[in-house]
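Chemist: Quick one: the structure is below, and I'll ask about it shortly.
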Amino acid sequence: MSATGTLDRRAAVKALLADRGDLLVISGLGSSSYDVFDAGEHPGNFYLWGAMGGAAMVGLGLALAQPKRPVLVVTGDGEQLMGIGSLLTIATKQPGNLSIAVLDNGHFGETGMQLSHSGLGAKLEVIASGAGIGNVSDIADMSGIENFRNSLRDLGGGPRLARIRIASGEVERALPPRDGTYLKNRFRGHLGFVVK
Amino acid sequence: MDQIAVHQDSATSRDWPVAIYRTLKSFGVAQVCYVPDAGHSELIKLSHADAGIKTTVLTTEEEGVALAAGAWLGGDCAVLLMQSSGVGNCVNMLSLMASCRFPLLTLVTMRGEWAEFNPWQIPMGRATPQAFEIMGTTVLRLENPDDAEEVISAAASLAYDGDQQVAVLISQRMIGRKKWTKETH
């Protein structure tokens, strides 16, 4: 398998979030947030517009607080690389309801398409496995996306990490709301918490 | 008789981690995360022993800032424990809390300020309040063990009710001199 992928990132994320049911989604800054927004606005989406390296940890805090809801973090290789230690931290808690989808194009797409560590040979799914995340996969086609999507609702099967090999071409930006307080209150409202 | 009284006083003073723990429980804190510090070791033990608190060890402090944001999204109050040397690691992640007005309560044991023998601890210790303040985090000080409940309670209200980011700096004087003898290694 070549290091770079061929999957269309928008199609991949749309398939991942199809029939999402009670899935809660955290997206990492940059293209991952645009992909999740493009797949369909939802109050159970929390888009990060900053906090690089923090998406998986936001996902962990949420997964621990809401153990009966499946939580999916959708992020990029560069974002996950900056918070690589969080994979070790997640493994210590073994949250069965937490899944991480890393959209891996081997590049820092937002900043001029420099090669990332992933593009230079690092294998995120192997790192995750070494960190203690038992359920890892390396996905290069839509049937792999389908299988991963079907696994998300198994609340005892996580933590999971899927490296999803996407093509590195540019896609049009789709910009979600970027008022953080609005996104926070909308998300909490979706879970039934009253805004004080 | 006097000796016994003095002994009891110092025993009470050493109970400040218990006072902090009880105060956090009274605010319904459900998640505690930490980068270990000797000054926090008692509170960390109490937290791990409490089935009602999900306790998470971190590889670096900014992970805890992000975790606190996720916890709040899901309805949990979280607390981040760290040492002053880790505060600089949090600076960019604090923008997440400010941008979304997420509550953050962090309890920071100080190094580099009181009877510090390690010069490497001093620069970050000295910069700790400013490192928080440049990001809009409110800094409170806990200098006296007897004030633990009052200060932590004020900080928790400001964080969880006032949607603010609050750091309580716990004086190195409360933790005592680090003993660098063979027995402690």
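Bear in mind that the values in this text are calculations on the coordinates, not laboratory data. Treat the numbers as computed from the prediction; the structure is a model and nothing was measured. Every residue, glycine as well, gets a Cβ built from its backbone with ideal geometry; the counts of neighbours run over all protein chains shown.
Chemist: What are the extents of the Cα atoms of the protein assembly as shown along their three principal axes, listed from largest to smallest and rounded to whole Å?
Modeler: 79, 46, 37
Chemist: If you filter region A:1-77 for trypsin sites (Lys or Arg not before Pro), then keep DSSP loop positions with at most 15 other Cβ within 10 Å, what is left?
Modeler: Within region A:1-77, the qualifying trypsin sites (Lys or Arg not before Pro) (loop, at most 15 other Cβ atoms within 10 Å) are A:Lys68.
Chemist: Could you size up the charge dipole of chain B around its Cα centre, putting +1 on the beta carbon of Lys and Arg and -1 on that of Asp and Glu, and report it in debye to the nearest 20?
Modeler: Charge dipole of chain B: 420 debye, to the nearest 20.
Chemist: A further question on this structure: Arrange the following residues from fewest to most other Cβ atoms within 10 Å of their Cβ: B:Cys100, B:Cys90, B:Cys77, B:Cys33.
Modeler: Exposure proxy ranking, most exposed first: B:Cys77, B:Cys100, B:Cys90, B:Cys33.
Chemist: For each of B:Leu169, A:Leu60, count neighbouring Cβ atoms within 10 Å of the residue's Cβ, then give the residues from fewest to most.
Modeler: B:Leu169, A:Leu60
Chemist: Rounded to the nearest 500, what is the 222 nm mean residue ellipticity of chain B from helices alone, with -39500 (n - 2.57) per DSSP H run of 4+ residues and division by all residues?
Modeler: -12000 deg cm²/dmol
Chemist: Still on this structure, please answer the following. So what's the projected area for region B:50-111, the Cα convex hull averaged over all directions, in nm²?
Modeler: Mean projected area for region B:50-111: 4.4 nm², to one decimal.
Chemist: Loop by DSSP (not H, G, I, E, B), at most 11 other beta-carbon atoms within 10 Å: where is the longest site-free stretch of chain B for trypsin sites (Lys or Arg not before Pro)?
Modeler: Longest site-free region, per DSSP loop and neighbour criteria: B:1-176.
Chemist: Within 10 Å of each residue's Cβ, count the other Cβ atoms and sort B:Trp114, B:Trp72, B:Trp16 from fewest upward.
Modeler: B:Trp114, B:Trp16, B:Trp72
Chemist: Rounded, prolate or oblate: pick one for region A:33-168, where a ≥ b ≥ c are the square roots of the eigenvalues of its C-alpha gyration tensor, a/c under 1.5 means rounded, and failing that, prolate if a/b is larger than b/c, else oblate.
Modeler: Verdict is rounded for region A:33-168.
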